[in-house]
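The values are calculated or read from the model by the stated rules, or taken from the named source; none is laboratory data. Since the model is a prediction, treat every value here as computed from it, not as a measurement. Cβ placement follows ideal geometry from the backbone for every residue including glycine, while neighbour counts extend to all protein chains displayed.
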Amino acid sequence: MLISTSFLSSDNYPRDLKALNVTDTDLIHVDVMDGKFVKQKSLPFREMKKIGRFTTKRLDVHLMVAKPKKMIKKYVTLNTEYITVHLENEESIEEELEEPYLDQVDLVLLMSVVPGEGGQAFFKETTKRLKQLKKMIQKKNPSVLISVDGGINQETKKQVKEADILVSGSYIIKSSDFQEKITSLR
Ligand code: DX5
Ligand code: ZN
């Protein structure tokens, strides 16, 4: 299992990003929020672009923004491995994930909480949605990876075994031993 560590709940991200350099986290998950798509606001890009001073890891950028196009252009200039955006219609993943999308993406980010805040409880329905998504991917484009984001800890990880990447924030960042928590998620 790959682990992408979110620093959204960090109260000192330069310190925590530096500490994550000496762990084996595969990616750093960057939650970008515009105050429109979600009511919360993250650091603006002019600040976010400086995180390369603190982290040596590749970035997994999660754009919770109303207008992703401009942001994609900005974030590709960083040490970025993945960029994920939200689709407009969130009613049915079957509709969202028709062939055109699955043919064009490397990764699907499945939200297991309401986007916007760290530290929320994992949605139980995620397990079912993940299984449906996995089936679709196997049928249409088996190379697509699945990342699950929100409420992931040592217990909830058991409910998302089909995932390739687990995004975890507060479980890791609020602990005193980042490596131990990361290891417990693999
Ligand atoms: C939620 C964010 C998540 C979140 C993960 O809006 O997209 O990335 O920060 O944090 P935890 O693991 O605390 O749910
Ligand atoms: Zn996220």
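At a glance:
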{"item": "For Lys49: the one exception among (1) more than 15 Å from ligand 1 (Cβ to nearest atom); (2) within 19 Å of Leu107 (Cβ to Cβ)", "result": "(2)"}
{"item": "All positions within the range 49-70 that are surrounded by fewer than 18 Cβ atoms within 10 Å (Cβ to Cβ) and touching a strand residue (DSSP E or B) at 6+ places or on another chain (Cβ under 8 Å)", "result": "Arg58, Ala66, Lys67"}
{"item": "Sole exception among (1) within 19 Å of Leu27 (Cβ to Cβ); (2) within 13 Å of ligand 2 (Cβ to nearest atom); (3) surrounded by fewer than 20 Cβ atoms within 10 Å (Cβ to Cβ) for Ile146, by number", "result": "(2)"}
{"item": "The lone exception for Thr77 - which of (1) more than 12 Å from ligand 2 (Cβ to nearest atom); (2) surrounded by 14 or more Cβ atoms within 10 Å (Cβ to Cβ) it fails", "result": "(2)"}
{"item": "Residue pairs meeting the criteria (Cβ under 7 Å; at least 6 apart or on separate chains; first more than 12 Å from Phe54 (Cβ to Cβ) and aliphatic (A, V, I, L, M), in the range 20-32; second more than 15 Å from ligand 2 (Cβ to nearest atom) and not in a strand (DSSP E or B))", "result": "Leu27/Lys57"}
{"item": "So Tyr101, is it at pLDDT 95 or above and surrounded by 14 or more Cβ atoms within 10 Å (Cβ to Cβ)", "result": "no"}
{"item": "Subset of the range 127-155 [over 23 Å from Val61 (Cβ atoms) and part of a helix (DSSP H, G or I)]", "result": "Thr127, Lys128, Lys131, Gln132, Lys134, Lys135, Met136, Gln138, Lys139, Lys140"}
{"item": "Residue, farthest from ligand 1 (Cβ to nearest atom), within the range 149-183, restricted to residues that are of a type in the set (Gly, Ala, Ser) and surrounded by fewer than 16 Cβ atoms within 10 Å (Cβ to Cβ)", "result": "Ser176"}
